[in-house]
Amino acid sequence: MPDNAAERLDDVASRVRVCTKCELCRGRTLAVPGSGSSSAEIMFIGEAPGWNEDKEGVPFVGAAGKFLNEMLAAIDLTRDEVFITNVVKCRPPGNRDPLPDEILACRQYLDEQIEAINPRVIVTLGRHSMARWFPNERISRIHGQPKEFGAQLVVPMFHPAAALHQASLKSTIEADMLKLPRFVAEARESAVDDEVEEEPEQLRLF
Ligand code: SF4
């Protein structure tokens, strides 16, 4: 296995592009492994590639992607500074929701991407990625509220496409996005605190 994050992501991407582990491989034009920085502090996980993404092999390039780019700019970030992917890497036919067995088949790739990047904050976009960390929860109840899972802070958010269908959600999504810099700062502080707490243990070893 490659030993640095960028090589590990490349390795995942090369396997995703030829993957036939679920039925979604049959209808895809291009698989969409994900894009962005291998050292990103924030990782966004959406649901599945759509029509545009399937043609280009890049996540979030349609109207929802444009909205995501605008929101990133509002917190002084570009797509190159975060990592963006989906729970399934190939487009479901007719843009239907990904099925549980498809999410399960694709899970290994997402696991490897999270492990390689080890982001401070994971933002789930939409209910399918939220369900991995918050099963049986309703996004309308918990959006924008972070919860710690191991080394990561996970923040559920509405999918940007939701704002295209329901204009009233736009300000909700924007408000949640504006909280992210604070969550990243808190996650950094928490990591420093953990290191300080671990120090006496290390001293005892020598
Ligand atoms: S969706 Fe995931 S598991 Fe299914 S074929 Fe594409 S890469 Fe493979």
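Values in this text are rule-based calculations from the coordinates and carry no lab data. Worth saying up front: this structure is predicted, and the values here are computed from it rather than measured. Methodologically, a virtual Cβ is constructed for each residue, glycine included, from the backbone with ideal geometry; neighbour enumeration extends over all protein chains shown.
Points worth noting:
- Ordered by the count of other Cβ atoms within 10 Å of each Cβ, fewest first, Asp97, Asp54 give Asp97, Asp54.
- Sorting the Cα pairs of the chain by distance into bins of 5 Å, from 0 upward, gives 1, 7, 15, 19, 20, 17, 10, 5, 3, 2, 1, 0, 0 percent per bin.
- With Cα atoms, 0 to 90° folded angle of helix 169-178 axis to the chain main axis: 30 degrees
- Taking every alpha-carbon pair under 8 Å whose residues sit at least 6 apart, the chain reaches a relative contact order of 22 percent.
- The ranking of Leu169, Leu164, Leu68 from fewest to most other beta carbons within 10 Å of each one's beta carbon is Leu164, Leu169, Leu68.
- Helix 5-17 and the longest principal axis of the C-alpha atoms of the chain enclose an angle of approximately 20°.
- Listed cross-link partners Lys66/Lys89; Lys89/Lys179; Lys55/Lys147 are compared with a 24 Å cut-off, the Cα-Cα value being larger for Lys89/Lys179; Lys55/Lys147.
- For segment 33-125, the set of GluC sites (Glu not before Pro) satisfying both a DSSP loop assignment and a count of at most 10 other C-beta atoms within 10 Å is empty.
- Largest GNM mean-square fluctuation across Pro33, Pro146, Pro59, computed for the chain with C-alpha springs under 10 Å, falls on Pro146.
- Acute angle (nearest 10 degrees) that the helix 180-205 long axis makes with the longest principal axis of the chain, alpha-carbon atoms: 40 degrees
- Taking trypsin sites (Lys or Arg not before Pro) across segment 62-112, the ones in a DSSP loop with at most 16 further Cβ atoms lying within 10 angstrom of their Cβ are Arg96.
- The chain, helix-only ellipticity at 222 nm - DSSP H runs n ≥ 4, -39,500 (n - 2.57), divided by all residues, nearest 500: -15000 deg cm²/dmol
- For the chain, a crude dipole built from +1 on the beta carbon of Lys and Arg and -1 on the beta carbon of Asp and Glu, taken about the Cα centre, is about 1200 debye to the nearest 20.
- Loop sites in segment 123-169: trypsin sites (Lys or Arg not before Pro), DSSP, at most 13 other Cβ within 10 Å: Arg138
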